[in-house]
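Participant: Sharing a structure here in structure tokens format.
All of the numbers you see were taken from the coordinates with simple rules; none came from a lab. Bear in mind the structure is a predicted one, so any value in this text is a computation, not a measurement. Glycine gets a Cβ as well: all are built from the backbone with ideal geometry, and neighbour counts include every protein chain shown.
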Amino acid sequence: MQTMAIIGAQWGDEGKGKITDYFSRYCDYVVRFQGGNNAGHTIVVDGKKTVLHLIPSGILHKSCHSVIGHGVVLDPEIFKKEIKTLQENGLQVTHANLSVSLHCNIITRYHQILDQKRDSNTSAQKIGTTGRGIGPAYEDRCSRRGVKLIDLFDIKILENKLIRMMQEKEVLFKSLYQVDFPSIKEEAQRLYDLGQFIFPYAQDTFSLLQKALSENKRILYEGAQGILLDIDYGTYPYVTSSNTSVGGIYTGAGLPGGKLDEAIGIFKAYTTRVGEGPFPTELNDAIGKFIQTEGHEFGATTGRTRRVGWLDIPLLRYAVQASNLSSIALTKIDVLKKVETLKVCYAYKYEGKEIHQTFPGIDLAKVTPLYKEFPGFTEVFTQGHNLSENLQSYIEFIEKESGIPVKVIAYGPEREQIHFLKNFTLDT
Ligand code: IMP
């Protein structure tokens, strides 16, 4: 296997960081291709927790080169901060094992202010964003007014680009939101100084990955957020502003050779969602509270409480198709072990019909979930143990309904709390 993708297949927070970290040890490159520091990937090694928002999870492995592709929106201050934190924790982080594309769009202070103002509690359409400036930075990319990393290395070019970018926004800031914002000169200087720090890491990552393929290197693409937050495939408008599905790899980093050998969809054994938006299987009862507490369902980026619900097969089927997933890693399975009766939503009642798969544009606020019940499982999880009959039937149901195998289960936050149900042949 030469190319592999780890894709969040629900509304984010599925435990991608842990699975990426696991496979990184076998890979030469780990590549982020979309999103920014709205992500929060938590990895626990020997009881020590590392939360990465921007830098790929591969950074924890010495032999692995971490790459931030041009599809990522880069907050240069966070980039610097994460490098410093990793270095203070004794990790080697240099331009020899970390590269960032010269063509990433930059998140400026203006983007952060705009995001927070737009998504405030009094906003007419609150999305519940992370407030990190992600949406506004992507907007400027699409309107062709964005600032790219390469622009940070020349203060004159940078100033001119910021002037162009801010021309319309100045009116918006002053008249609509009535906020002061940093002067262009100050912002240009701040970004320029950060650019000087980033310079050694900046390069043409597209060519880097092309070369990697020609040298038969293994490349792992690390998704952020989840398919249901994809700007095109997700539950619009309650989505993030990038292509979180496999399609984002092609546009956000480049897939040399044009094909993925394995696309692993990461599903939690139940469902969670942060921020606003419909959630058919949401649990607003004691079981929901229990799963939330047991699964420590609080956001790694914003600390917000995650909404919790049962596993949702119509969404799962859709995610498999939207991203051509080839297998499933089922995470946080241990969280469910004290729940006496488990439920899985196998279909919806929607506009008088029973439907088994969601599709773009469906109004999830108007569906009624139909449930199948499963007896709970009580296993003590260890590596390679034989699964109980109850857990096996839960997993087999997911395989049958999704049409793809569950190859991995993860049963705790530690790096080694992972169990393979099918062989992965990384050596071919
Ligand atoms: P934004 O990406 O900050 O614009 O937020 C848009 C939506 O995506 C909000 O509902 C966020 O809560 C959600 N979101 C963004 N990043 C993540 C993530 O890493 N995990 C879960 N939800 C996320």
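Participant: Using only Cα atoms, find the angle between the long axis of helix 205-214 and the longest principal axis of the chain, and express it within 0 to 90 degrees, rounded to the nearest 10.
Facilitator: 50
Participant: Would you mind calculating the relative contact order of the range 148-276 from Cα pairs under 8 angstrom and at least 6 residues apart, reporting the percent as a whole number?
Facilitator: Computed over the range 148-276, the figure is 17 percent.
Participant: Over what distance in Å are the Cα centres of the range 370-392 and the range 254-320 separated?
Facilitator: Centre-to-centre distance over Cα atoms comes out at 19 Å.
Participant: If I take every Cα pair under 8 Å that is 6 or more residues apart in the range 296-428, average their sequence separation and divide by the length, what percent do I get for the relative contact order?
Facilitator: Answer for the range 296-428 is 27 percent.
Participant: Of all GluC sites (Glu not before Pro) in the range 289-377, which ones are in loop regions per DSSP and have a Cβ with at most 10 other Cβ atoms within 10 Å?
Facilitator: Here the GluC sites (Glu not before Pro) that fit, given the DSSP loop and packing criteria, are 340, 351.
Participant: Just to confirm the number: angle between the C-alpha axis of helix 155-171 and the first principal axis of the chain, 0 to 90 degrees, nearest 10?
Facilitator: That works out to roughly 70 degrees.
Participant: Antiparallel DSSP bridges in the chain: what percent, to the nearest 5?
Facilitator: Close to 40 percent.
Participant: Which FRET efficiency, nearest 0.05, do residue 385 and residue 215 yield, Cβ-Cβ r, R0 41 Å?
Facilitator: Taking R0 as 41 Å, the efficiency between residue 385 and residue 215 is 0.60.
Participant: A further question on this structure: Over every pair of different alpha-carbon atoms in the range 1-137, take the mean of 1/r and invert it; report that Kirkwood radius in Å.
Facilitator: Hydrodynamic radius (Kirkwood, Cα pairs) of the range 1-137 is 15.8 Å.
Participant: Calculate how steeply helix 389-402 sits against the longest principal axis of the alpha-carbon atoms of the chain, using the helix alpha-carbon long axis, and give the answer as 0 to 90 degrees to the nearest 10.
Facilitator: 60
Participant: If you don't mind, there's one more thing I want to ask. Excluding residue 362 itself, what net charge comes from residues whose Cβ is under 15 Å from its Cβ, given Lys and Arg +1 and Asp and Glu -1?
Facilitator: Summing Lys/Arg as +1 and Asp/Glu as -1 gives -2.
Participant: For residue 351 and residue 120, calculate 0.36 nm times their separation in residues minus their Cα-Cα distance, and state this gained length in nm to one decimal.
Facilitator: Result: 79.8 nm gained on full extension.
Participant: Right, another one. Relative contact order of the chain: what whole-number percent is it, with Cα pairs under 8 angstrom and at least 6 residues apart?
Facilitator: Relative contact order here is 21 percent.
Participant: Under 19 Å from the 7 Å Cα→Cβ point of residue 399, by amide nitrogen: which residues of the range 268-309?
Facilitator: 268-270
Participant: Once you place label points 7 Å from the Cα toward the Cβ at residue 293 and residue 236, how far apart are they in nm?
Facilitator: With each label point 7 Å from Cα toward Cβ, the separation is 4.1 nm.
Participant: What's the ranking of 365-371, 250-256 by average number of surrounding C-beta atoms within 10 Å, highest first?
Facilitator: The packing order, highest mean first, is 250-256, 365-371.
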